[in-house]
Amino acid sequence: MTVTAMTAGELAKKVIAKESFFILDVRNEDAFEDWKVEGENIQYMNVPYFDLLDGVEDVLDQIPTDKDVVVICAKEGSSIFVAEMLSEEGRNVHYLQVGMKAWSEHLEPVKVGDLKDGGAIYQFVRIGKGCLSYMVVSDGEAAVIDATRMTDVFMNYANELGVTITNVLDTHLHADHISGGRKIAEAVNGVYWLPPKDATEVVFEYEPLEDGRTISVGNTKIDIQALYSPGHTIGSTSFIVDDAYLLSGDILFIDSIGRPDLAGLAEDWVGDLRETLYRRYRELAEDLMVLPAHFMMIEELNADGSVAEKLGTLFAKNHGLNIEDEAEFREMVTGNLPPQPNAYQEIRQTNMGKVVPDEETQREMEIGPNRCAVR
Amino acid sequence: MNIAKVLDAKALACPMPVVRARKTMKEMETGEILEVLTTDKGSVADLSAWAKSSGHEMLDQKEDAGVFTFYIKKG
């Protein structure tokens, strides 16, 4: 029977549509435990490929014939090897093209909404890693926010829309993924904005993104207002776009809040985090649509694949916004932290421009989930 | 260390380093040591996990200029 390649984009569409299918993940158990393709209706089986070298007879009766089967490994070689053995046993199976490497890098663009004076805001869902980037478009211009290192995706998308990227912003100095912001700004000769308090060690030129600063996109007045909102990092800045959207960076997520420890200063920054979430954000309009820089769980995706929720709804439902007692809050965000993202210190150094790893190394550094939140 | 066999699996991509190591190991006696050379980064975790899963012992491993060397004792 047949072996068919499935692209990361095709797999992303199955996940967003909440399709029911079967994954045979042939990476070793540690890798599978650490990070896998997540979905609401996925049935999993994890058997390392080296345990299947003698044949797949032992696992055959555990692999369904009534739903799609996708064999997955790190880069595709082993999944093709195993898929071919399954095919020889009479099964129709898929393998994930370029494996988890492609899954980690795939970006799914989703239109979040229209802006008042024309224009639109798009979210780029990095579904395999839970990173979210944005493009604000108006009157032939675009601003890109929290871009990933797959810079071609943003530049090609702007070309397709027929707009020019003029401003590139990062809400903070990222620790879980390598920013593509500076690279895009250089390529399009645009302005690269960073919060100055996160940029004290950077080795390149940038425009300081200070509280109250307003950036316009296009001739129509689509303002991006910077709101200083420290806590995940000391410089973390949120943006209010068109008085309708709150880009919350890594401070506030849909079902979790930012962790304060990735620059090694949890105890110092927890007070800032509290101040931002319980004071500064409380002063904002509750009907702002929150657009975070990450999601943690696939359940946070809306039906169209976007990740967005009204600020008022988050005040009511997000546990991290509902801890009255300050000591309890402090304990939650400093006492119960998940493991840190893979290579997070090297990633910070890269985003400061202090080290310049080659592409393959950058890819390896980003392997795994983002882990920027506490719940 | 008394090395019985050396397997050069440099430039081979996953799953071939493990496939070759397994094949070579089959021709060896229990207690003998196989030295494996690879360049695929994925082989580092995979050879260790394979050795463990197959009852062999990973005695030592090192990296030098992008070449990974493993010493595996047949179990």
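The values are calculated or read from the model by the stated rules, or taken from the named source; none is laboratory data. Predicted model only: the values in this text are computed from it and were never measured. All Cβ positions, glycine included, derive from the backbone under ideal geometry; neighbour counts span all protein chains shown.
Here are some notes:
- Filter pass, A:ALA83 being closer than 20 Å to B:VAL18 by Cα and in contact (Cβ under 8 Å) with a residue 40 or more places away in the chain: yes
- Annotation for segment A:18-33: at least one member residue is over 22 Å from A:THR148 (Cα atoms), hydroxyl-bearing (Ser, Thr, Tyr) and in contact with an Asp or Glu (Cβ under 9 Å, 6 or more places away or on another chain).
- Filter pass, A:TYR245 being in contact with a Phe, Trp or Tyr (Cβ under 9 Å, 6 or more places away or on another chain) and farther than 30 Å from A:SER104 by Cα: no
- Counted residues, segment A:8-42 - those being of a type in the set (A, V, I, L, M), buried (at least 18 other Cβ atoms within 10 Å of the Cβ) and within 19 Å of the chain's Cα centre (by Cα): 6
- Look at (1) touching a residue at least 24 places away in the same chain (Cβ under 8 Å); (2) within 29 Å of A:GLY99 (Cα to Cα); (3) buried (at least 17 other Cβ atoms within 10 Å of the Cβ); (4) of a type outside the set (Lys, Arg) and you find that B:LEU34 fails only one, number (2).
- Comparison of A:LYS75, A:LYS67, A:LYS101, A:LYS116 shows that the only residue that is in a loop (DSSP other than H, G, I, E, B), touching a residue at least 12 places away in the same chain (Cβ under 8 Å) and either within 14 Å of another protein chain (Cβ to nearest Cβ) or under 24 Å from the mean Cα position of the chain (by Cα) (or both) is A:LYS75.
- Applying the criterion of being surrounded by fewer than 16 Cβ atoms within 10 Å (Cβ to Cβ) and in a strand (DSSP E or B) to the residues of segment A:192-222, the residue that is modelled with the highest pLDDT is A:PRO208.
- Residue selected from segment A:78-122 under the condition small (Gly, Ala, Ser) and surrounded by fewer than 20 Cβ atoms within 10 Å (Cβ to Cβ), by the criterion modelled with the lowest pLDDT: A:GLY118
Matching residues to (1) aromatic (Phe, Trp, Tyr); (2) in contact with a helix residue (DSSP H, G or I) (Cβ under 8 Å, 6 or more places away or on another chain); (3) in the same structural domain as A:GLU324 (by TED's automatic domain parsing); (4) crowded, with 23+ Cβ neighbours inside 10 Å:
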site	(1), (2), (3), (4)
A:ILE234	no, yes, yes, no
A:ASP243	no, no, yes, no
A:SER256	no, yes, yes, no
A:PRO260	no, yes, yes, yes
A:ASP268	no, no, yes, no
A:THR276	no, no, yes, yes
A:ARG282	no, yes, yes, no
A:MET289	no, yes, yes, no
A:ALA293	no, no, yes, yes
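- Unique match (being closer than 25 Å to A:GLU360 by Cα and not assigned by TED's automatic domain parsing to the domain that holds A:TYR245) among A:ASP68, A:ASP25, A:ASP58: A:ASP25
- Of all positions in segment A:32-48, none carries a residue that is among the aliphatic types (A, V, I, L, M), in a helix (DSSP H, G or I) and touching a helix residue (DSSP H, G or I) at 6+ places or on another chain (Cβ under 9 Å).
- Residue count for segment A:319-348, restricted to those that are under 22 Å from the mean Cα position of the chain (by Cα), surrounded by fewer than 17 Cβ atoms within 10 Å (Cβ to Cβ) and farther than 19 Å from A:PHE253 by Cβ: 1
- Test: A:ARG363 is in contact (Cβ under 8 Å) with a residue 60 or more places away in the chain, charged (D, E, K, R), buried (at least 18 other Cβ atoms within 10 Å of the Cβ) and part of a helix (DSSP H, G or I): no
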